[in-house]
Amino acid sequence: MPALIIGSGYGGAVAALRLSRAGVDTHVVEMGMAWDTPGIDGNVFCNMLLPDERSYWLRNRTQQPFGYLLNLPVDRPIPRHTGVLDSENFAGVRVYQGRGVGGGSLVNGGMAIVPRRSYFEEILPFVDAGEMYSTYYPRANAGLGVGNVDPAWLEHAECYRYARTSRDAALRSGFTTTAVPNVYDFDYMKKEQAGQVPPSALASEVIYGNNHGKKSLARTYLPAAVATGRLTITTLHKVTAVSPAPGGGYRVEMEQLGTSGAVVATKRVIADRVFFAAGSVGTSKLLVAMKARGLLPDLPDAVGEGWGNNGNVMVARADNLWAPKGPVQSTIPVIAIDNWDSSTPCFAEIAPFPVGVETWIGLYLAITKNPNRGRFEFDSGTGTVGLDWRTAQNQPSVDAARSVFDVINQREHTTYRSDLFGVGKVWGDDLTYHPLGGCVLGQATDGYGRLPGHPGLYVMDGSLIPGGLGVNPFVTITALAERNIEKIIATDLA
Ligand SMILES: Cc1cc2nc3c(=O)[nH]c(=O)nc-3n(C[C@H](O)[C@H](O)[C@H](O)COP(=O)(O)OP(=O)(O)OC[C@H]3O[C@@H](n4cnc5c(N)ncnc54)[C@H](O)[C@@H]3O)c2cc1C
């Protein structure tokens with residue numbers, strides 16, 4: 001087969017669309033499910049209040065980002081199933097990732113932010129920023145269907161009371177706030193608020209999937225690629241090895257999974273070109289293992305290096321009784337506190353806590369500038385790849401977040417909640433939604449994602465971004481993939 005893509009998230013979807021439109025017969029191999037068939041309740045996805053087997057990837061128990069409430073554990077048993085959200089546990093960090101056709105787009109909050117140009121230039125200085133900001137970011141935004149909440153509606157919509165009260169507290173403390181674009185259909189959300197359509201963002205749906213409203217990749221790039229007639233997608237197949245084939249091209253080995261996670265068959269195919277788009281963790285684990293096992297011996301030493309958590313740290317405030325957040329909160333965040341231009345840069349998104357009752361909880365996901373990096377390492381004893389990252393490496397992120405929320409708490413006479421991320425634990429510093437790096441552009445690959453030493457192998461996903469971006473990553477992953485695949489099609493496939 002001419003082209004095989006491992007994974008159907010942002011990098012994979014862009015590659016699939018552009019290759020198939022260029023006339024290349026393309027095959028996507030995705031370890032997760034298709035997520036196109038309703039369950040017995042009539043819904044494809046479950047909500048956050050009643051997680052069932054659809055929620056987690058092969059776990060017997062939920063592992064929610066906030067595992068506690070009032071210091072009591074809130075995780076519950078679930079049947080083991082190939083659910084949509086993976087909470088992958090490494091020694092120092094839990095990495096949340098989407099599993100299924102559409103990858104992270106199935107489970108994420110849809111926040112679609114172009115980073116400030118000066119920071120992009122700082123982290124990827126050899127990429128032509130002019131081209132990125134004039135061509136590839138606009139192309140990504142258009143392809144993803146990015147839009148903005150109506151500012152007038154935001155000011156009175158009940159479902160954004162939480163965002164307004166937390167914004168106003170930040171403004172009173174002298175911070176700047178900014179609107180955050182999103183791929184959620186805000187016209188649909190207005191109808192949800194008016195009670196005219198089945199709710200999704202207003203029904204506590206997001207991290208286990210949205211049944212309505214969200215323009216995931218399964219509604220944008222991927223159907224456009226399928227429409228070319230040149231793309232096939234195989235689900236519940238996990239790639240386990242890639243190596244040069246004797247007659248040319250690459251041998252790709254995979255396991256077919258049942259929905260209990262059991263391996264029901266092993267298969268191998270030959271592909272002329274292989275595009276790694278398994279995400280920062282998935283791609284890095286595969287490449288580090290292939291290098292260590294001698295299957296792709298010529299990979300550079302930089303493979304596996306430069307991993308970061310995008311400086312993620314979560315925190316919650318107990319707000320004043322006169323600042324209620326509202327019982328029904330949109331799961332789609334639309335406002336951030338922008339304190340990036342400070343000595344401790346911090347971009348903190350005002351997140352919902354959508355449990356259906358008033359909690360006075362002000363929740364935030366802070367993205368900070370944490371210079372610490374981790375690396376993926378092969379363990380020859382177990383044959384698995386681990387991540388060398390210690391929770392303590394997230395201290396700069398905690399410090400940066402503290403420089404914002406200490407000020408707000410002092411001004412508002414409020415306190416941190418310490419009952420959500422553990423018993424007596426203020427900072428959600430041991431989890432990330434934004435794994436980045438591990439196969440960094442221009443270090444582990446050439447300037448366009450080609451893997452040196454192995455012509456015909458490419459990296460297309462978040463592993464290319466050097467550990468931190470300052471904002472949520474999927475628009476940049478999409479834009480970089482658009483840039484790189486355009487070059488690859490023009491030069492390698494001409
Ligand atoms: C809960 C949550 C909320 C988030 N919110 C936001 C947000 O609001 N805005 C934002 O910009 N970002 C957000 N993110 C992050 C964003 O979703 C990711 O950065 C993005 O999905 C990464 O894109 P990718 O192409 O690198 O890989 P992914 O989207 O992770 O796709 C990789 C795909 O490869 C598959 N795969 C992995 N290994 C294999 C294998 N061996 N064989 C076959 N298939 C494989 C996976 O199942 C997956 O479908 C969020 C993430 C989470 C988990």
Strictly over 19 Å apart at the Cα level, which of Lys191/Lys325; Lys191/Lys214; Lys214/Lys325 would you flag in this model?
Lys191/Lys325; Lys214/Lys325
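What is the projected area of the convex hull of the Cα atoms of region 302-442, averaged over all directions, in nm²? Present the calculation step by step, with values, prior to reporting the outcome.
Working: hull surface 43.5 nm².
Average projection, Cα convex hull of region 302-442: 10.9 nm².
Quick check: with the 1.4 Å probe, what order do Tyr433, Tyr458 take by accessible area, largest first? Intermediate values should be presented prior to the final figure.
Numbers: Tyr433 75, Tyr458 0 Å².
Most to least solvent-accessible, the answer reads Tyr433, Tyr458.
Just to be sure I understand the rule: take each whole DSSP H helix in the chain, project its Cα atoms onto its long axis, keep it if the span is 18 Å or more and its mean Kyte-Doolittle hydropathy is at least 0.5. Which ones pass?
Numbers: long enough: 279-292 (19 Å, 0.76); 395-412 (25 Å, -0.54); 474-491 (25 Å, 0.73).
Membrane-span-like by this criterion, though nothing is claimed about a membrane: 279-292, 474-491.
Taking only C-alpha pairs under 8 Å that are 6+ residues apart, what is the relative contact order of region 375-494 in percent? Don't jump to the answer; show the numbers that get you there.
Values: 109 pairs, mean separation 18.7, N = 120.
The value is 16 percent.
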Starting from the 7 Å offset along Cα-to-Cβ, what nm value, one decimal, do you get for the label separation of Asp388 and Glu122?
2.6 nm
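Under the rule of -39500 (n - 2.57) per DSSP H run of 4 or more residues, summed and divided by the residues of the chain, what mean residue ellipticity at 222 nm is obtained, to the nearest 500 deg cm²/dmol? Please report the intermediate quantities before stating the final value.
Numbers: 10 runs with 107 residues, N = 494.
Result for the chain: -6500 deg cm²/dmol, rounded to the nearest 500.
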Round to the nearest 10 and report in Å² the accessible area of Met31, as given by a 1.4 Å probe over the protein chains' heavy atoms.
40 Å²
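Using alpha carbon coordinates only, what is the Rg to Rh ratio of the chain, with Rh defined as the Kirkwood radius?
Working: Rg = 21.6 Å, Rh = 22.7 Å.
Using only Cα positions, Rg/Rh for the chain is 0.95.
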May I ask which residue of His413, Phe376, Ala401 lies farthest towards the positive end of the charge dipole of region 372-417, with charges of +1 (Lys, Arg) and -1 (Asp, Glu) on Cβ and the Cα centre as origin?
His413
Write down the accessible area per residue of the chain in Å², having rolled a 1.4 Å probe over the full set of protein chains.
36 Å²
Separation between the Ala494 and Ser134 pseudo-spin-labels, each 7 Å from Cα along Cα→Cβ, expressed in nm?
2.1 nm
Any idea what diffusion coefficient region 224-331 gets from Stokes-Einstein, in µm²/s, Kirkwood Rh on alpha carbon pairs, 10 °C, 1.306 mPa s?
88 µm²/s
What part of the accessible area of the chain, given as a whole %, is carbon or sulfur when the probe is 1.4 angstrom?
53 percent
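Ordering Ile367, Ile489 by accessible area with a probe of 1.4 Å, largest first, what comes out?
Numbers: Ile367 0, Ile489 40 Å².
Descending accessible area places them as Ile489, Ile367.
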With every protein chain left in place and a probe of 1.4 Å, what is the accessible surface of Arg117, to the nearest 10 Å²?
110 Å²
What is the distance, in nm, between label points placed 7 Å from the Cα along the Cα-to-Cβ direction at Ala262 and at Ala142?
4.9 nm
Sorted by accessible area (1.4 Å probe), largest first, how do Ile332, Ile207 line up?
Ile207, Ile332
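The values are calculated or read from the model by the stated rules, or taken from the named source; none is laboratory data. Source: prediction; values computed, not measured. Neighbour counts are summed over all protein chains in view; Cβ atoms, including those assigned to glycine, are modelled from backbone coordinates with ideal geometry. Just the protein is used for accessible areas: all its heavy atoms, side chains included, with ligands, DNA and RNA removed. Shrake-Rupley method; radii C 1.70, N 1.55, O 1.52, S 1.80 Å.
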